[in-house]
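Enquirer: This is the structure I have questions about; it appears just below.
The values are calculated or read from the model by the stated rules, or taken from the named source; none is laboratory data. Just so it is clear, the model here is predicted, and its values are computed rather than measured. Note: ideal-geometry Cβ built from the backbone for every residue, glycine included; neighbour counts use all protein chains shown.
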Amino acid sequence: MVNVADVLSTAIVDEVFPSDRELLPDLNDMYELELAFYENKLLSDQEMLRNAAYFARVGHFYTRHYLMCTGHPLKLPQHASSRLKSFFAKNVFRTGYATHGLFPYRGKFHPQMIKGLMNVMGLKPGEVVLDPMMGSGTVLVEATLMGIRSIGVDASPFCRFMARTKVDPLTLPLGRVHQALSNFEEVFQYFQNRVGKADAGTKTRRSAKSQDFMTVLEPAAEYVAKN
């Protein structure tokens, strides 16, 4: 005779996944559980730690995806709506990590889903993925994070600009990144203060290398905004 209490005390996740593989928090949708199921079947432990989309831990080690998403949610300017801020705070493991939040492109895929699909397709670091209608570059960003080479095509100049804006920061030299982290609040405040201002910049030639926070930007951006 089946003991109802024993049956109800067993979670589906515990029946499907090994005890040493912990899923990310708030994993509820059926398609997410299915992709996690296939990742668990297809990826080795090392591949899981490096590129799994739906797991927080393998054995005693946390996955790169979990470590990348923990901490503070995406930093948004003061004028951003409370709804947008809430969205990224609640969906940090799905859409609010890396450079995905730079522009809320309508119709974009969940980045986490793209990562899961590339794992299920068997794509490995060093291989190439083509996105013939890349939109704002979600596939390209995920491929870059996973060590996969990518080619993106889109008829829209804005989409090409957005994709390039999202991908380029992921390949910056680490020295620049560390320098930016040391005073990111100052950099963020500078650009937030420029929101809504239409004054044209004045191109200048700098005789000496600046030591202020603007040195973390690309050398080509040598423009001084008018006050």
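Enquirer: Considering only residues that are within 16 Å of ARG64 (Cα to Cα) and outside any loop (DSSP other than H, G, I, E, B), which ones fall in segment 119-140?
Expert: Answer for segment 119-140, where residues must be within 16 Å of ARG64 (Cα to Cα) and outside any loop (DSSP other than H, G, I, E, B): just ASN119.
Enquirer: Quick one: how many residues across segment 39-67 are outside any loop (DSSP other than H, G, I, E, B) and either touching a Cys at 6+ places or on another chain (Cβ under 9 Å) or not β-branched (Val, Ile, Thr) (or both)?
Expert: Residues in segment 39-67 being outside any loop (DSSP other than H, G, I, E, B) and either touching a Cys at 6+ places or on another chain (Cβ under 9 Å) or not β-branched (Val, Ile, Thr) (or both): 20 in total.
Enquirer: Without any contact (Cβ under 8 Å) to a residue 12 or more places away in the chain and either of a type in the set (D, E, K, R) or crowded, with 18+ Cβ neighbours inside 10 Å (or both): does that describe GLU34?
Expert: Yes.
Enquirer: Okay, next question. Determine, yes or no, whether HIS65 is crowded, with 20+ Cβ neighbours inside 10 Å and closer than 21 Å to ASP20 by Cα.
Expert: yes
Enquirer: For VAL153, which of the numbered conditions (1) surrounded by 15 or more Cβ atoms within 10 Å (Cβ to Cβ); (2) modelled with pLDDT of 95 or more fails to hold?
Expert: Here VAL153 meets the rest and fails (1).
Enquirer: So LEU130 clears everything in (1) within 30 Å of ASP20 (Cα to Cα); (2) outside the structural domain of PHE37 (by TED's automatic domain parsing); (3) surrounded by fewer than 17 Cβ atoms within 10 Å (Cβ to Cβ); (4) modelled with pLDDT of 90 or more except one condition, right? Which one?
Expert: Going through (1) within 30 Å of ASP20 (Cα to Cα); (2) outside the structural domain of PHE37 (by TED's automatic domain parsing); (3) surrounded by fewer than 17 Cβ atoms within 10 Å (Cβ to Cβ); (4) modelled with pLDDT of 90 or more one by one, LEU130 breaks only (1).
Enquirer: Let me ask something additional. Return yes when ALA56 is buried (at least 18 other Cβ atoms within 10 Å of the Cβ), touching a Phe, Trp or Tyr at 6+ places or on another chain (Cβ under 8 Å) and modelled with pLDDT of 75 or more and no when it is not.
Expert: yes
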